[in-house]
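Asker: First the structure, which I've put down as structure tokens, then a few questions once you've had a look.
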Amino acid sequence: MNLRRLAHPLVLLAVAILALPVAILARGTPMTLRPPAAFAGIANPDARSVALFREMGKVIQSPRCINCHPRTDRPLQGDDMHPHSPPVVRGPYNFGASGMECTTCHGRENVLFANGERSIPGNRKWALAPLSMAWEGKSLGEICAQIKDPARNGHKTLDQLVEHNTTDVLVGWGWNPGKGRTPAPGTQADFGALTKAWIESGAKCPA
């Protein structure tokens, strides 16, 4: 037996075995959000404001948000943001087509599959964001400008955006998405605090 030839595959196998628990742990650990205080060292107010929004972008561009802010009439689903299956459309009120509304399958709360492996998402406000609020395929800077525009953010003021991001129950679902989905980074309270700090720093957008 050639021990030198055998040694290399055994080393690779050992490395893979040692790395597996780390990979599993990382996959099951939600990302965190840095608090507003972490950006206090950025002396330039505009740069600090942009940095705060980039931190918010970890939530905004996560599957939990983008899936319900699609650029087409079909929602997305899953951590890989694939088109909704079975095929559905947004309908005239962003709540599904007549006879196939969102509530046909989605209830007021998440429902675990009978086998316990995954779940059907649910929330009492379950619906798609209007097309005017579509984020899919846009840069973070484009989304930022859209969020600040009352004509494209549901006619909200900046102060109302803070309240929305901090307390809205459908936004909050992103941190309780049910088994089989990765929660949005951090917590809703973290996200709300970042939103408030971003607005207080001038609500500047990334280029």
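Asker: Which of the residues belonging to the stretch 74-103 are aliphatic (A, V, I, L, M), assigned to a loop (DSSP other than H, G, I, E, B) and at negative phi?
Answerer: Residues satisfying the conditions are Val88, Val89.
Asker: Filter the stretch 73-110 down to residues that are hydrophobic (A, V, I, L, M, F, W, C) and out of contact with any helix residue (DSSP H, G or I) (no Cβ under 6 Å at 6 or more places or on another chain) and give me whichever is nearest to Met31 (Cα to Cα).
Answerer: Among them, the one singled out is Leu76.
Asker: Only one of these conditions is not met by Ser98: (1) over 19 Å from the mean Cα position of the chain (by Cα); (2) modelled with pLDDT of 95 or more; (3) over 22 Å from Phe39 (Cα atoms). Which number is it?
Answerer: The failed condition is (2).
Asker: Evaluate the stretch 146-168: report whether one residue or more is touching a Phe, Trp or Tyr at 6+ places or on another chain (Cβ under 7 Å) and farther than 19 Å from Leu52 by Cα.
Answerer: Of all residues in the stretch 146-168, those touching a Phe, Trp or Tyr at 6+ places or on another chain (Cβ under 7 Å) come to 165.
If we keep only those that are farther than 19 Å from Leu52 by Cα as well, we get none.
Looking for residues that are touching a Phe, Trp or Tyr at 6+ places or on another chain (Cβ under 7 Å) and farther than 19 Å from Leu52 by Cα, one finds none in the stretch 146-168, hence no.
Asker: Let me ask another. Restrict the check to the stretch 184-206 and report whether at least one residue is open to solvent by 20 Å² or more (accessible area, probe 1.4 Å), in contact with a Cys (Cβ under 9 Å, 6 or more places away or on another chain) and under 14 Å from Arg54 (Cα atoms).
Answerer: The answer is yes; a qualifying residue exists.
Asker: When you go through Gly154, Gly137, Gly122 one by one, which is the residue that is assigned to a loop (DSSP other than H, G, I, E, B), open to solvent by 40 Å² or more (accessible area, probe 1.4 Å) and of a type outside the set (Lys, Arg)?
Answerer: Gly137
Asker: Please work out which one of (1) surrounded by 14 or more Cβ atoms within 10 Å (Cβ to Cβ); (2) part of a helix (DSSP H, G or I) is the condition Glu109 fails and give its number.
Answerer: For Glu109, the exception is condition (2).
Asker: Could you tell me whether Arg71 is touching an Asp or Glu at 6+ places or on another chain (Cβ under 6 Å), at negative phi and either at pLDDT 95 or above or open to solvent by 70 Å² or more (accessible area, probe 1.4 Å) (or both)?
Answerer: Numbers: touching an Asp or Glu at 6+ places or on another chain (Cβ under 6 Å): yes; at negative phi: yes; either at pLDDT 95 or above or open to solvent by 70 Å² or more (accessible area, probe 1.4 Å) (or both): yes.
Yes, satisfied.
Asker: Still on this structure: Take the stretch 128-155 and flag every residue that is hydrophobic (A, V, I, L, M, F, W, C), closer than 17 Å to Arg74 by Cβ and under 17 Å from the mean Cα position of the chain (by Cα).
Answerer: Here is the first cut: in the stretch 128-155, the residues hydrophobic (A, V, I, L, M, F, W, C) are 128-129, 131, 133-135, 140, 143-145, 147, 151.
Retained after the next criterion (residues that are closer than 17 Å to Arg74 by Cβ): 128-129, 131, 133-135.
Passing the criteria: Leu128, Ala129, Met133, Ala134, Trp135.
Asker: Looking only at the stretch 41-60, count how many residues are buried (at least 19 other Cβ atoms within 10 Å of the Cβ) and either β-branched (Val, Ile, Thr) or outside any helix (DSSP H, G or I) (or both).
Answerer: Qualifying residue count for the region: 3.
Asker: In the stretch 153-207, what residues are on the phi > 0 side of the Ramachandran plot and of a type in the set (A, V, I, L, M)?
Answerer: Ala203
The values are calculated or read from the model by the stated rules, or taken from the named source; none is laboratory data. Please read these numbers as outputs of a predicted model, since none were measured by experiment. Because the Cβ atoms are built from the backbone with ideal geometry, glycine has one as well, and the counts that use them run over all protein chains shown. Keep in mind that these areas ignore ligands, DNA and RNA; they rest on the heavy atoms of the full protein, side chains included. Shrake-Rupley method; radii C 1.70, N 1.55, O 1.52, S 1.80 Å.
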